[in-house]
Amino acid sequence: RRKKDIKERDEFATRLKAKDESRVRKVAMPAGSGAAEAAKRLKIMETDMREKLVPKLRVESRRKYLEKRKDDKVAELEADIIDDEYLFEEEILTDQEKRERLHKKQLLQLAKEHEKARELERVQRYHMPLEKGKVEPEQDVQENEPPQSEQSKWESDQMSSAVFRFGAKDRKAQQDYDLLLEDEVEFVQALRMPGSMKDRKREESPPPQVKALQTIQETKKSLPIYPFRNDLIQAINDHQVVLIIEGETGSGKTTQIPQYLYEAGFAEDNKIIGCTQPRRVAAMSVAARVAHEMAVKLGNEVGYAIRFEDCTSHRTRIKYMTDGTLHREFLSEPDLASYSVMIIDEAHERTLHTDILFGLVKDITRFRSDLKLLISSATLDATKFSEFFDDAPIFRIPGRRFPVDIYYTKAPEADYIDACVVSILQIHATQPHGDILVFLTGQDEIETCQEMLQERVRRLGSKLGELLILPVYANLPSDMQAKIFQPTPAGARKVVLATNIAETSLTIDNIVYVIDPGFAKQNNFNSRTGMESLMVVPISKASANQRAGRAGRVAPGKCFRLYTAWAYQHELEDNTVPEIQRINLGNAVLTLKALGINDLVHFDFLDPPPHETLVLALEQLYALGALNHRGELTKMGRRMAEFPLDPMMAKMLLASEQYRCSEEVATIAAMLSVNGAIFYRPKDKIIHADTARKNFHVPGGDHLTLLNVYNQWQQSDFSTHWCYENFIQHRSMKRARDVREQLVGLMQRVEMELVSGISETVNIRKAITAGYFYHVARLSKGGHYKTAKHNQTVSIHPNSSLFQELPRWLLYHELVFTTKEFMRQVTEIESKWLLEVAPHYYKPKE
Ligand code: ADP
Ligand code: MG
């Protein structure tokens, strides 16, 4: 009998453990008299509390409530058993009844344990933020250490002096290797970034080919986010705003959450599940992936919208878009009525648009109680976000990462592109299988690196295994983007040359080696001089750690930093400064004004922009005629806001009507939007390419040259062959044509007259000046260019058609800082035009 009892109990226990919480309640309270009643009461109490109290309860009390709820339930059960006992005391219990009671007690014990375990789990995954001032509890030891602790670890650890030398161990192989690679970069290992996964041997990880064979469903289920699916949906049902935080990227937030929501019915009644991305490539590529996973055509149920490109239809239920696109959608739909859920993804990137969206969506949730808002971020600074969103709950998804060994160079590298090429080959020649990810700053660098690498690989011939070189950057056409996700064929190695986009937005599977030169391209604005320029700057420690983390997704990895450990410690900031605090706000202010938000000083910013920057933006908009002297939007400003363009460019377009050259200026604006990617310059045909380029030059400058290129292409009937012969990138031209079409559509919408046919270029240049009078420089006596207002020294970019001409006055499209401040796309102007187009800004000399 005892045996039978025990057996029964064990069976019960196993079954119970396997069931979820709600089941526990059902199984745990079947027999007793008061139990069912108690369960019912408990249920009513819970719903009652949830409906009546929860919305009003603040964080602390909410947590207490959760605890209490747990206690209550157990207490009820306990009371129940005592009740029973009381009753049974009087009577003589049959053996059967005794057994039942025993069973019940055991069940209670189990229920308690179960409850406790679940509660613990819940606290770990999904925890409430603490009160202000309190420190976040130590995170789960399993989770990755935040950057600060890495730092202190670095300080306490004696830096190991082991020099990492690539190369084979045996002599013969070493000699071969030395012959193969004439130079190499010496690395020093400084520390190991711990992972959450056991440090298992590389061999145990599935080789890439095996992964490729997994079905979509299997892949989806293998993602770290998958076990949290139901909890996540529950949290979203329970709360209007939820923060999703995770240490490691690539766990499936971006691709899976919208699908979970779709499956849970959030897209019913023709509502849309929206998800923003800071980068166009990410929006496009993720949408393509999700469409593939759901087996639908991209643009149907799953679509994306980016500037100048809308790939959605009335059927679209899941929509990925850039943050800038959503920002603009507010203009046509201020309450986002078509959406049931909005996910602001990659919040940690803190782009200007994302930062402004925070304020806008927060405001909307106040009057649209049916709109769910998810903020998803890779940052660990969750409390700040939570506080901003009225103490929204934080849902944590534990990351999954293998340890990553970090190597630094022994000495600074003078030429990091060259160092990248050398390091790639070193890895390829000496390291076991696994793909390589290299972080570069932009298309130009990527192309240079790609060419150098191809050249070296060619020279090495068949001595090395196959190396697939794949670039990723913003202007990359989508068919090329898809390539980076294709599994690497057996025996080959993939090397992905990427911009910052691969830091968190895109996850490429099977990366085991990361090469990080430590730079990124950044737009910076000097509010003192009003000058904005694009420059390559050192990344932050947080970025460096994100990059390193990319090496540990599938197996223990290695990250090679092309800077010294000292540089990491002393030259890198902890975090990247949010864009809102470092770039020109003209565009953002214009959109906000167009949304009717007049009081920008009191706008709900997560981090407010510097006061001077705000004032400067207002001044600029005033000078452009977009605002009146009271800071209100003018008719001109309203029309400018219709264009998804920088205010200067919008003004240039609108001014073209008055100068009777709107067709030409639309072309120029479109060509400037694909800037940098028009002319093609293959290494083996540089002279031909440069001659071809010179043939397009026309008097007046680069803007007119761009116009000339477009017009000739048009005359060739948009021929691909013509592009090929003239070293012009056909894809960029096609994009320019698309952009132009969109701009013309918008021009018609604001009732602009489309006119052209001016043989005189003065009018075109005047129209450009009407927008870009801020960007004016004049030749000084010393033969240098100085900006008109602040006397900053700037130079004409060697690519420009005016490089050797040195006109007295000119305007530039943008500044790029490399070795010095270069003006890119310059046009000759006359100083008297400035008085004509910008009388508020330029006054005649007394
Ligand atoms: P997170 O947003 O959490 O960083 P994602 O949802 O972007 O993660 O990625 C989840 C998984 O989907 C990754 O393994 C990634 O490699 C894969 N994935 C994402 N985009 C694509 C794509 N375009 N093609 C193939 N796989 C992709
Ligand atoms: Mg993501």
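LYS521 sits with roughly 80 Å² accessible to a 1.4 Å probe, with DNA, RNA and ligands left out of the calculation. When a 1.4 Å probe is rolled over the protein heavy atoms, the share of accessible surface on segment 327-422 that falls to carbon and sulfur comes to 49 percent. Roughly how many whole Å is it from the C-alpha centroid of segment 800-817 to that of segment 587-649? Centre-to-centre (Cα) distance: 28 Å. By a 1.4 Å probe calculation restricted to protein chains, GLU184 has an accessible surface near 70 Å², given to the nearest 10. Considering only DSSP states other than H, G, I, E and B, which chymotrypsin sites (Phe, Trp or Tyr not before Pro) in segment 756-822 qualify as loop sites with at most 13 other Cβ atoms within 10 Å? Filter output for segment 756-822: PHE803.
Between beta-carbons, use under 9 Å as the cut-off and find the net charge around ILE436, counting Lys and Arg +1, Asp and Glu -1. My count for the surroundings of ILE436 gives +1.
Kindly report the accessible area of segment 371-463 per residue (heavy atoms of protein chains, probe 1.4 Å, no ligands, DNA or RNA), in Å².
Dividing the accessible area of segment 371-463 by its residue count gives 33 Å².
Highest average first, the peptides 323-329, 713-719 ordered by how many other beta carbon atoms sit within 10 Å of their residues are 323-329, 713-719.
Counting protein heavy atoms only, segment 776-823 has 48 percent of its accessible area on carbon and sulfur, 1.4 angstrom probe. Using the Karplus relation 6.51 cos²θ - 1.76 cosθ + 1.60 with θ = phi - 60°, the per-residue 3J(HN,Hα) values for segment 718-724 come to 6, 6, 6, 4, 4, 4, 4 Hz, with x marking Gly and Pro. Under the convention that each Lys and Arg Cβ holds +1 and each Asp and Glu Cβ holds -1, the size of the dipole of segment 483-628 around its Cα centre is about 900 debye. Taking amide hydrogens as placed 1.01 Å from N in the peptide plane, the amide H of ILE796 sits under 5 Å from those of MET823, each at least 5 positions away in sequence or on another chain.
The label-point distance for GLU619 and LYS734, in a model that sets each label 7 Å from Cα toward Cβ, rounds to 4.5 nm. Each of the peptides 351-358, 413-420, 791-798, 272-279 was scored by the mean count of other Cβ atoms within 10 Å over its residues; in descending order, highest first, they stand as 272-279, 351-358, 413-420, 791-798. Applied to segment 775-789, the Karplus parametrisation 6.51 cos²θ - 1.76 cosθ + 1.60 on θ = phi - 60° returns per-residue 3J(HN,Hα) values of 9, 10, 10, 10, 6, 8, 4, x, x, 9, 8, 10, 5, 4, 8 Hz, with x for Gly and Pro. For segment 588-692, the residue among THR691, HIS629, PRO647 whose Cα projects farthest onto the positive side of the dipole built from Cβ charges is THR691. Ordered from largest to smallest accessible area (heavy atoms of protein chains, 1.4 Å probe), the residues LYS734, LYS832 come out as LYS832, LYS734. Using a simple spin-label model with pseudo-atoms 7 Å out from Cα toward Cβ, LYS789 and GLU387 lie 3.5 nm apart.
Using the Cβ-Cβ distance between GLN214 and GLU836 with R0 = 56 Å, the FRET efficiency computed as 1/(1 + (r/R0)^6) comes to roughly 0.25. Counting only protein chain heavy atoms and rolling a 1.4 Å probe, the accessible areas of ASP310, ASP599, ASP607 rank, largest first, as ASP310, ASP599, ASP607. Each part gets one Cα centre, and for segment 650-729 versus segment 487-536 those centres are 28 Å apart. The distance from the alpha carbon centre of segment 359-424 to that of segment 736-797 is 38 Å, rounded to a whole number. Taking θ as phi - 60° and the Karplus parameters 6.51, -1.76 and 1.60, the scalar couplings of segment 495-506 work out to 10, 9, 9, 10, 7, 3, 4, 8, 5, 9, 5, 10 Hz in sequence order, x denoting glycine and proline.
Of the residues CYS311, CYS449, ranked by 1.4 Å probe accessible area with the largest first, the sequence reads CYS311, CYS449. Any of LYS220/LYS463; LYS651/LYS845; LYS221/LYS521; LYS593/LYS820 with alpha carbons more than 29 Å apart? Name them for me. Check vs 29 Å cut-off fails for LYS220/LYS463; LYS221/LYS521; LYS593/LYS820.
The values are calculated or read from the model by the stated rules, or taken from the named source; none is laboratory data. On a predicted model such as this, the values are computed, not experimentally measured, just so you know. Cβ atoms come from the backbone with ideal geometry, glycine included; neighbour counts cover every protein chain shown. With ligands, DNA and RNA removed, areas are computed over all heavy atoms of the protein, side chains included. Shrake-Rupley method; radii C 1.70, N 1.55, O 1.52, S 1.80 Å.
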